[in-house]
1. Once the principal axes of the Cα atoms of the stretch 1-114 are found, what is the range along each, listed largest first in whole angstroms?
2. Go ahead and run the numbers for FRET between residue 32 and residue 161, Cβ-Cβ distance against an R0 of 35 Å, rounding to 0.05.
3. What is the pair-distance distribution P(r) of the stretch 12-61, computed from all Cα-Cα distances in 10 Å bins starting at 0, with each bin given as a whole percent?
4. How far apart, in nm, are the 7 Å Cα→Cβ label points at residue 146 and residue 15?
5. Rounded, prolate or oblate: which fits the stretch 49-118 when a ≥ b ≥ c are the square roots of the eigenvalues of the alpha-carbon gyration tensor, with rounded for a/c under 1.5 and prolate only if a/b beats b/c?
6. Note down the relative contact order for the stretch 1-123 as a percent, whole number, built from C-alpha pairs under 8 angstrom at least six residues apart.
7. For each of 160, 155, count neighbouring Cβ atoms within 10 Å of the residue's Cβ, then give the residues from fewest to most.
8. For a quick protection proxy, order the peptides 140-147, 86-93, 75-82 by their average other-Cβ count within 10 Å, most packed first.
């Protein structure tokens with residue numbers, strides 16, 4: 001993107017007039033539906049307002065290429081994905097989601113874009129998340145799913161594969177003679 005204005009973009013005043021027209025038409029037919037539609041418009045305005053505020057905050061005082069800050073932010077990344085403007089592919093956005101959720105100790109085993117499935121595994125670094133107990137894993141899964149919903153909503157199923165148990169060598173049984181017991185010890 002250069003900085004040129006997109007002439008195909010809808011005019012803000014025309015869009016606002018169109019929204020008012022649609023709400024008026026709906027109010028004439030069904031006042032309850034019109035009230036719900038107005039509430040929906042307000043909620044969407046709050047959502048986009050939060051996104052735009054985030055854009056301004058993330059770009060303020062930055063030099064260089066500020067796009068990275070926008071792409072790493074859940075709200076603005078979610079808006080970009082929603083409008084099919086996000087420049088990253090699904091795999092890169094999954095990586096951003098993992099980092100955002102604090103799930104850096106998980107590695108991608110399989111990313112099935114066609115079916116929206118992501119399979120992860122704990123890396124062998126021993127770092128990891130907590131004790132491995134179910135409540136810790138559930139909290140991590142919740143964080144990850146929330147992050148994926150912003151960065152990669154195409155992912156609808158997440159599986160965290162269990163670590164394969166380490167293969168242990170059998171204990172070596174040593175048979176030997178006992179040391180002689182002195183007569184004083186008896």
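1. Projected onto the principal axes, the Cα atoms of the stretch 1-114 cover 56, 34, 25 Å.
2. After rounding, the FRET efficiency stands at 0.10.
3. 24, 38, 24, 11, 3
4. 2.8
5. prolate
6. The normalised contact order for the stretch 1-123 reaches 11 percent.
7. In increasing order of surrounding Cβ atoms, one gets 160, 155.
8. Ranked from most to least packed, the peptides come out as 75-82, 140-147, 86-93.
Readers should treat all values here as calculations from the given coordinates under stated rules, not as data from a laboratory. Quantities reported herein were computed from a predicted structural model and do not represent experimental measurements. Don't worry about glycine lacking a Cβ; one is built from the backbone with ideal geometry, like all the others, and counts go over all protein chains shown.
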